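Here's the structure we're looking at; comments come further down.
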Amino acid sequence: MYSNLRKNILEKEMAKVDKVIEEIKKILKEDNRGLTIQELSKLTKVSRITASIVLAKLEGLGKIDVRSIG
(Lines give C-alpha, C1' and ligand atoms only; values in the text may rest on other atoms or scores of the structure.)
Protein backbone atom coordinates (compact mmCIF):
# COMPACT_ATOMS: atom_id res chain seq x y z
CA MET A 1 0.00 0.00 0.00
CA TYR A 2 2.71 2.47 0.98
CA SER A 3 4.79 1.61 -2.07
CA ASN A 4 1.85 2.43 -4.36
CA LEU A 5 1.33 5.72 -2.54
CA ARG A 6 5.02 6.58 -2.89
CA LYS A 7 4.91 5.62 -6.56
CA ASN A 8 1.90 7.88 -7.17
CA ILE A 9 3.53 10.81 -5.37
CA LEU A 10 6.77 10.31 -7.30
CA GLU A 11 4.91 10.13 -10.61
CA LYS A 12 3.08 13.39 -9.84
CA GLU A 13 6.30 15.14 -8.90
CA MET A 14 8.06 13.90 -12.04
CA ALA A 15 5.16 15.13 -14.16
CA LYS A 16 5.49 18.53 -12.49
CA VAL A 17 9.23 18.61 -13.19
CA ASP A 18 8.65 17.60 -16.83
CA LYS A 19 6.14 20.43 -17.21
CA VAL A 20 8.57 22.94 -15.69
CA ILE A 21 11.35 21.67 -17.98
CA GLU A 22 9.23 22.42 -21.04
CA GLU A 23 8.24 25.84 -19.68
CA ILE A 24 11.85 26.80 -18.95
CA LYS A 25 13.05 25.58 -22.34
CA LYS A 26 10.39 27.73 -24.02
CA ILE A 27 11.28 30.78 -21.91
CA LEU A 28 14.99 30.42 -22.62
CA LYS A 29 14.39 30.08 -26.36
CA GLU A 30 12.50 33.37 -26.32
CA ASP A 31 14.97 35.21 -24.07
CA ASN A 32 18.55 34.40 -25.03
CA ARG A 33 20.15 37.04 -22.80
CA GLY A 34 20.02 34.64 -19.87
CA LEU A 35 17.89 34.66 -16.77
CA THR A 36 18.55 34.06 -13.09
CA ILE A 37 17.08 31.17 -11.15
CA GLN A 38 14.92 33.67 -9.30
CA GLU A 39 13.56 35.12 -12.55
CA LEU A 40 12.81 31.66 -13.93
CA SER A 41 11.10 30.58 -10.72
CA LYS A 42 8.84 33.65 -10.85
CA LEU A 43 7.99 33.09 -14.52
CA THR A 44 7.19 29.40 -14.00
CA LYS A 45 5.58 29.89 -10.57
CA VAL A 46 7.75 27.26 -8.88
CA SER A 47 10.21 27.50 -6.02
CA ARG A 48 13.82 28.50 -6.63
CA ILE A 49 14.81 25.00 -5.54
CA THR A 50 12.59 23.39 -8.20
CA ALA A 51 13.91 25.80 -10.83
CA SER A 52 17.50 25.02 -9.87
CA ILE A 53 16.83 21.26 -10.04
CA VAL A 54 15.36 21.66 -13.52
CA LEU A 55 18.30 23.80 -14.65
CA ALA A 56 20.78 21.25 -13.29
CA LYS A 57 18.96 18.51 -15.20
CA LEU A 58 18.98 20.54 -18.42
CA GLU A 59 22.65 21.37 -17.95
CA GLY A 60 23.45 17.70 -17.37
CA LEU A 61 21.66 16.80 -20.58
CA GLY A 62 23.68 19.45 -22.44
CA LYS A 63 20.54 21.42 -23.32
CA ILE A 64 21.67 24.68 -21.68
CA ASP A 65 24.81 26.43 -20.59
CA VAL A 66 24.88 27.78 -17.06
CA ARG A 67 27.08 30.63 -15.95
CA SER A 68 27.75 31.67 -12.39
CA ILE A 69 27.40 35.33 -11.51
CA GLY A 70 28.99 36.82 -8.41
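The values are calculated or read from the model by the stated rules, or taken from the named source; none is laboratory data. Treat the numbers as computed from the prediction; the structure is a model and nothing was measured. Positions of Cβ are backbone-derived with ideal geometry, glycine not excepted, and every protein chain shown enters the neighbour counts. Each accessible area value is taken on the protein alone, full model and side chains, heavy atoms only, with ligands, DNA and RNA left out. Shrake-Rupley method; radii C 1.70, N 1.55, O 1.52, S 1.80 Å.
Structure data summary
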| item | result |
| --- | --- |
| Estimated translational D of the chain in µm²/s (Stokes, Kirkwood radius over Cα pairs; 10 °C; 1.306 mPa s) | 122 µm²/s |
| Within the accessible area of the chain (1.4 Å probe), percent carbon and sulfur | 54 percent |
| Computed E for residue 4/residue 39 - FRET, C-beta separation, R0 25 angstrom, nearest 0.05 | 0.10 |
| Nearby aspartates and glutamates by direct alpha-carbon distance to residue 7 (threshold 20 angstrom, same-chain neighbours under 8 apart not counted) | 18 |
| Theoretical ellipticity at 222 nm over the chain - DSSP helices of four or more residues, -39500 (n - 2.57) apiece, nearest 500 | -24000 deg cm²/dmol |
| Contact order normalised by residue count of the chain, Cα under 8 Å, 6+ apart, percent | 25 percent |
| Estimated vicinal HN-Hα couplings, Hz - segment 20-36 in sequence order (Karplus 6.51, -1.76, 1.60; Gly, Pro = x) | 5, 4, 5, 5, 5, 4, 5, 4, 5, 5, 7, 10, 8, 6, x, 10, 7 |
| Assigned charges on the beta-carbon of Lys, Arg, Asp, Glu; the chain dipole about Cα centre (debye) | 140 debye |
| Of 49, 24, 37, the one that fluctuates the most in a GNM where the chain has Cα springs shorter than 10 Å | 49 |
| Per residue accessible area of the chain, 1.4 Å probe, in Å² | 84 Å² |
| Label-to-label distance, nm, for residues given as residue 22 and residue 65 (7 Å Cα→Cβ offset) | 2.8 nm |
